[in-house]
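Read through the structure below, which is laid out as structure tokens, and then see the notes.
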Amino acid sequence: MIKTLFWSLVLFWLIRPVLTLITLDESCGVSRGCYHDCTSTGCSFLITWFYRPEVDAIAFTMKKKFDDIYHQQWFAMGFSNDELMGEDSVIECTTDPDIRIWAFVKHSYNDNHYNVEISHPKLGLREMAGSTIDGIQTCNFTRLMHVEGFDRIFNLDQPWYLLVTSGFVDHGSKLKHKLYPNGPFISPYKIDFQQVDNVTGTKVNHLVKIHGCLMVFAWMILASGSIILARYYKHQWPEGRACGRRIWYQVHKIVMLLVVVCVVASFIVIWVHTKGYAKLKGANAIQKAHPTLGIIVMGLTIINPIMAFIRPRSDTATRPMFKYVHGFVGTTVYVIAILNCILGTTLPKVHVPSYTMWIMVGFAIYQLVFELLMETYECFLIKTGRKSDYEIRELSAIRRNSITKIPSPPGSILKNILIVFHVLILFGFGITSILLIAM
């Protein structure tokens with residue numbers, strides 16, 4: 001009996017998603033227009049329309065698959081003149097608060113990133129019907145092409161970008177959209193609702209994507225490896241030289257110059273896109289700090305190599321001060337940059353999977369743990385006297401004869417293994433994040 005009940009429950013949960021799946025209408029692109037996110041496994045939303053010349057109106061059907069069937073929810077499409085939220089005419093399909101198997105449709109509008117109710121929400125809507133059955137919320141209605149006397153309800157005889165999103169309703173108030181955590185799903189071009197196009201996908205801004213990819217490459221891959229090299233590998237490979245200077249120094253210098261190039265290029269790209277300081281419509285107070293932090297990162301990224309270029313000679317009294325200031329500025333800009341990269345994945349226009357942020361958080365935790373590991377190992381070498389003894393022998397060998405073989409530092413084999421491991425992990429985190437941003 002128990003076994004039968006168990007397998008019945010398993011079968012129910014296997015079959016249930018199939019039974020409640022939204023499937024793409026075969027008439028899409030043939031007799032009606034459609035906008036959707038359908039894949040081979042189904043759709044999470046589907047909006048269809050066709051022109052009815054006899055009443056000069058557009059007949060719409062809005063469908064949304066909700067996983068949570070126990071709370072009142074809303075599903076909305078916005079008609080916008082651009083791909084940004086703000087100054088949009090909105091039609092909502094909302095679960096009935098009293099009888100959850102019903103749904104109703106109404107008008108509202110977006111004022112910047114706030115949604116505002118209108119005095120006559122049913123104006124211009126005809127033949128309305130709605131239902132919520134088995135997790136699929138549906139609204140059928142006809143919207144007049146022209147609605148006189150209210151400019152917040154846009155005429156449909158011209159094309160508009162279609163913005164799609166959804167969220168919960170709490171005690172009659174709509175909560176912030178959650179369908180796509182980084183903003184609404186935006187049609188890739190303006191839609192003519194008198195046509196029968198089959199539209200899918202979302203508006204992708206390639207400049208925003210390039211900006212994010214450059215920053216991730218600069219800080220998660222290049223800077224993360226270069227900082228470890230400069231901090232813990234100054235005595236590694238004592239016999240190795242590149243252009244007369246130690247390997248760690250030359251690699252650190254070249255890599256950090258690449259970081260500067262990437263950051264400057266990324267800054268120019270996003271500045272061109274936003275045409276100045278980004279306003280970030282639809283972002284919350286924390287997200288709106290992203291442009292300011294980006295400017296700080298840009299400034300410190302340029303200042304630090306300039307400091308290195310004019311650094312005092314190694315035998316001067318001010319050299320130790322330069323070392324600490326250079327290190328402090330470098331660490332500060334690195335921390336701000338990584339935090340800003342994480343913050344950037346949550347912005348409304350980025351459109352990356354929500355788990356991208358957690359991958360970057362995982363990277364930040366890994367970097368911190370790795371540095372603590374390296375710091376602990378360095379302290380161990382210092383405490384046991386092995387590092388101090390080596391530095392004395394190394395300096396003595398250099399002074400006696402430049403031809404004398406300089407001994408390898410203590411723990412060099414382990415350090416070589418750790419740096420290879422670290423670089424591989426950096427590329428793993430970095431390339432994964434870049435691919436998710438570029439998608």
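Within region 145-165, residues that are free of Cβ contacts under 8 Å to residues at least 60 places away in the same chain sit with their Cβ atoms under 8 Å from residues that are crowded, with 20+ Cβ neighbours inside 10 Å and hydrophobic (A, V, I, L, M, F, W, C), at 6+ positions apart or across chains, in these pairs: Val147/Ile153; Pro159/Ile191; Pro159/Phe193. Which one of these is out of contact with any Gly (no Cβ under 7 Å at 6 or more places or on another chain) and either modelled with pLDDT under 85 or open to solvent by less than 60 Å² (accessible area, probe 1.4 Å) (or both): Trp271, Trp219? Answer to the check: Trp219.
Test Gly330 against the stated conditions and say whether it is farther than 18 Å from Ile437 by Cβ, touching a residue at least 40 places away in the same chain (Cβ under 8 Å) and of a type outside the set (A, V, I, L, M, F, W, C). Even if it seems obvious, please write down each step before you answer.
Details: farther than 18 Å from Ile437 by Cβ: yes; touching a residue at least 40 places away in the same chain (Cβ under 8 Å): yes; of a type outside the set (A, V, I, L, M, F, W, C): yes.
When the stated conditions are applied, Gly330 passes them.
Taken as a whole, the condition of being open to solvent by less than 30 Å² (accessible area, probe 1.4 Å), in a helix (DSSP H, G or I) and at pLDDT below 85 does not apply to Tyr334. Of the candidates Leu19, Leu24, the single residue that is of a type outside the set (Lys, Arg), at pLDDT 85 or above and open to solvent by 40 Å² or more (accessible area, probe 1.4 Å) is Leu24.
Considering every residue within region 308-326, establish whether at least one is among the hydroxyl-bearing types (Ser, Thr, Tyr), surrounded by fewer than 18 Cβ atoms within 10 Å (Cβ to Cβ), within 20 Å of Gly212 (Cα to Cα) and free of Cβ contacts under 8 Å to residues at least 60 places away in the same chain. No, region 308-326 contains no residue that is among the hydroxyl-bearing types (Ser, Thr, Tyr), surrounded by fewer than 18 Cβ atoms within 10 Å (Cβ to Cβ), within 20 Å of Gly212 (Cα to Cα) and free of Cβ contacts under 8 Å to residues at least 60 places away in the same chain. Of the residues making up region 145-174, those that are at pLDDT 85 or above, assigned to a strand (DSSP E or B) and not hydrophobic (A, V, I, L, M, F, W, C) number 3.
Consider region 63-121 and keep the residues that are open to solvent by 70 Å² or more (accessible area, probe 1.4 Å) and of a type in the set (Lys, Arg). The one that is modelled with the highest pLDDT is Lys63.
So, in region 49-62, how many residues would count as being open to solvent by 10 Å² or more (accessible area, probe 1.4 Å), closer than 17 Å to Phe104 by Cα and of a type in the set (A, V, I, L, M, F, W, C)?
To start, the set of residues in region 49-62 that are open to solvent by 10 Å² or more (accessible area, probe 1.4 Å) comprises 50-56, 59, 61.
Filter again for closer than 17 Å to Phe104 by Cα, leaving 59, 61.
Going one step further and asking which of them are of a type in the set (A, V, I, L, M, F, W, C), we end up with 59.
Going through region 49-62 one residue at a time, the tally reaches 1.
So, Val423, is that one at pLDDT below 85 and under 30 Å from Phe267 (Cβ atoms) or not? Criteria not met by Val423. Of the set (1) within 20 Å of Asn205 (Cα to Cα); (2) open to solvent by 90 Å² or more (accessible area, probe 1.4 Å); (3) not hydrophobic (A, V, I, L, M, F, W, C), all apply to Gly276 but (2).
Taking the conditions (1) buried (at least 20 other Cβ atoms within 10 Å of the Cβ); (2) out of contact with any Ser or Thr (no Cβ under 9 Å at 6 or more places or on another chain); (3) free of Cβ contacts under 8 Å to residues at least 60 places away in the same chain; (4) more than 19 Å from Glu371 (Cα to Cα) in turn, Arg245 satisfies each one other than (1).
Look at (1) without any contact (Cβ under 8 Å) to a residue 24 or more places away in the chain; (2) under 19 Å from Ile227 (Cα atoms); (3) part of a helix (DSSP H, G or I) and you find that Met374 fails only one, number (1).
In the set Ile365, Ile413, Ile417, Ile431, which member is surrounded by 13 or more Cβ atoms within 10 Å (Cβ to Cβ), at pLDDT 80 or above and assigned to a helix (DSSP H, G or I)? Outline the logic, then answer.
Details: Ile365 fails: surrounded by 13 or more Cβ atoms within 10 Å (Cβ to Cβ); Ile413 fails: surrounded by 13 or more Cβ atoms within 10 Å (Cβ to Cβ); Ile417 fails: surrounded by 13 or more Cβ atoms within 10 Å (Cβ to Cβ).
Just one listed residue meets the conditions, Ile431.
If you go through region 123-144 and keep only what is open to solvent by 30 Å² or more (accessible area, probe 1.4 Å), not in a strand (DSSP E or B) and not acidic (Asp, Glu), you end up with just Leu123.
The values are calculated or read from the model by the stated rules, or taken from the named source; none is laboratory data. Being a predicted model, the structure only gives us computed values, none of them experimental. Using ideal geometry, Cβ is built from the backbone for each residue, glycine included, and neighbour counts are taken over all protein chains shown. Calculation scope for accessible area: heavy atoms of the full protein, side chains included, ligands and nucleic acids excluded. Shrake-Rupley method; radii C 1.70, N 1.55, O 1.52, S 1.80 Å.
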